[in-house]
Structure formats: C-alpha cells, structure tokens
1. GNM, the chain, Cα, under 10 Å: largest mean-square fluctuation among 52, 137, 70?
2. Helix-only mean residue ellipticity at 222 nm, the chain, DSSP H runs n ≥ 4 weighted -39,500 (n - 2.57), per residue, nearest 500. What is it?
3. Which aspartates and glutamates does residue 55 reach when only Cα atoms under 18 Å apart count, and residues fewer than 8 places away in its own chain are ignored?
4. Provide the packing ranking of 1-10, 54-63, i.e. peptides ordered by the mean count of other C-beta atoms within 10 Å per residue, highest first.
5. Among the lysines, which have Cα under 17 Å from the Cα of residue 142 when same-chain residues fewer than 8 positions away are ignored?
6. Quick check on the exposure proxy: order 64, 15 from fewest to most C-beta atoms within 10 angstrom.
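None of the figures in this text is laboratory data; all of them are computed from the coordinates on show. Keep in mind it's a predicted model, so treat the numbers as computed, not measured. All Cβ positions, even for glycine, are placed from backbone atoms using ideal geometry, and neighbour counts span all protein chains on display.
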Amino acid sequence: MLKRFARFLLRVGGWTPVGGIPDAPKAVIIAAPHTSNWDGVWALVYKVAVGLDIKFFAKKSLFWFPLGNLLRWLGAIELDRDRAINAVQQAINEFESHESFYLGLAPEGTRSLKPGWKTGFYRIALGASVPVYIGFLDFRNKRIGIGPRLDLTGDTDADLAAIRDHYKDIEGRWPEQASPIVFP
C-alpha cells in the first residue's frame, strides 16, 4: 500500500521514475545534483516506490524522539562525527557486515555551491570493493532514478570523467548551485 502511495506521489509530482534496484548486492549509490531540500524528499519517495532498501547517513543531532525512529525506519544510519571511527570506515564496516547493502550519498555534501564533490563516496566504494551507481534527480525533465553502474578503476580522473559524462544533461532544482564534478 505504501509503495502504491509513493508511486502516486511521484505521478502527482510529475516525476518519471527510471531504473530500480541495482543488479549488484552491494553498492554505493550517489545522488546528484543536490541543490534543494526537496532532493531528499523525492529520493525517499522514489526509494519507497521501487522498493529499494537503501541506507544513508544522517547526523546524530537529528536522532531525537520521534524523528530518530522515523529516520531509522527510512534507512538512516546515525553518524557521530565525534566518535573515533570516521564515516568512511563506518560505511566500509557496514558493507562488510551485510550480505546485501546499498548506501546512498550526495557527493556534494550540501545543497550550496562548493568547489567540488567530497571524496567519501569514492573512498567508501574502493575500500568496500563495491560498484557505484549513478542516482539522479533531473528537475528539467522531471526524471528521478538510478542510472548506470560504474566499477571504479582507482584512476580518479577517468572515473570522475565517466561520472561527469552521465550527469552532463542532468539539471538540479537550482542549477546554479550544482557543484562541479571534481575533487578539490
């Protein structure tokens, strides 16, 4: 019933869902461009609509009652930046402890314009030996979904060029806020 309601919301919102559940049992799924608070809302609606069990990091300060319960139900993993273990290692540990695990990340790290993407998604995928799937929210064409699989080579320039190629025609809600696909 919830799945049907999520599909209804996408239709009412004018969105066309693309793709679905990745063919690999474990993967990092990046979501870009991230230029609006609505990105996360629509991504969660898409997740429910296609039945994708994807986890994502949320800062510890958001895990107060009752929001924390809702976030956990939606797939949030509490990220405590004050703990000794860093987010990259925490994610790698999650991949190692599950038979099937999808982690969604916005590589821009924020909705505001930055000089480039954060490297965490790349380091997590390499460290966990999992592929990256290209997730997107294309506001111009009202398409949302998961695109192609990218098996990272370790050649950062070549891998980012492949990612950049996919996103070349994707436009966020506020295109002027989209960070360039580079590692600063």
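1. Checking each option, the largest mean-square fluctuation is seen for 70.
2. Values: 6 runs with 63 residues, N = 184.
Calculated from helices alone, the mean residue ellipticity at 222 nm is -10000 deg cm²/dmol.
3. 23, 39, 78, 80, 94, 96, 99, 108
4. On the way: 1-10: 13.1, 54-63: 16.3.
Most protected by this proxy first, the peptides run 54-63, 1-10.
5. Reachable lysines: 47, 168.
6. Working: 64 10, 15 22.
Ascending number of Cβ neighbours within 10 Å: 64, 15.
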